[in-house]
Every structure is written in C-alpha cells, then in structure tokens.
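Encoded as structure tokens, the structure appears first; notes follow it.
The values are calculated or read from the model by the stated rules, or taken from the named source; none is laboratory data. Only a predicted model underlies this, so the values are computations on that prediction, with no experimental measurement involved. When we count neighbours, we look across all protein chains shown, and the Cβ atoms used for this are built from the backbone with ideal geometry, even at glycine.
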Amino acid sequence: MTRSMTYEERVKIVKYCLANGRHLTATAAKFNVTYQQVRSWVVKYEAGGEEALRDMRGHHKTDDQLTEVERLRRETARLERAIRDEKAIRMFREKLEALEEKGQ
C-alpha cells in the first residue's frame, strides 16, 4: 500500500522518470509508489503539463465559469432533486396518515 502524494511530489517523480529514460519500474521502486501511478502521472504530464498532475477531485466550477449548456444541466439536476425530495415527503406524509388512521 502506498501513501498519497502531493502535487509537488508527483511533479518531482515525473520529472525524474523522464530525465532517466522513462524507466517506470525503477522510478516506482525508488519513490515507493506503484508502476501504474507513475505511468498515469507521466501520461497526464505529457498530455497537459504540470497542471494535469493536480488533484481536482471534489472541485467544481463556479456558476460564472460554466457554459450555458453546463449551467442548464446543473439547474435541471437541481430541479430533478427537488422534485424527488417533494415526492418522498409526500409519500412519507401519506404513509404517516395511513398509520395514524389505522391506530385510531
């Protein structure tokens, strides 16, 4: 099991790997990470540079960064969640009323 690496560590590992002939296995062993991690980072680095190595999970665009289509999709999803929540509340109330009537 390996530990998670910081952005700076990923950059350092990728640069080391590329400077040493792309020896992924040797790089993985030297830095105590998996071969697949090194390979993934190298591929990302080659496709998008250092910024591609940033961990962007959990980060979402703000409303002003969205395109019109993305904004509409976000609003549609919000409305669908609201409808689903309202249906659940209505079903709960109906069930509660039925149980209360049964108890009387």
Inside segment 62-94, can you point out the residues that are of a type outside the set (Ser, Thr, Tyr) and not in a helix (DSSP H, G or I)? LEU66
Complete set of residues in segment 11-24 that are assigned to a helix (DSSP H, G or I) and either among the small types (Gly, Ala, Ser) or not assigned by TED's automatic domain parsing to the domain that holds LYS44 (or both): ALA19
Within segment 49-62, track down each residue that is more than 17 Å from LYS12 (Cβ to Cβ) and not aliphatic (A, V, I, L, M). ARG57, GLY58, HIS59, HIS60, LYS61, THR62
Take GLN65 and tell me if it is in contact with a helix residue (DSSP H, G or I) (Cβ under 9 Å, 6 or more places away or on another chain) and surrounded by fewer than 13 Cβ atoms within 10 Å (Cβ to Cβ). no
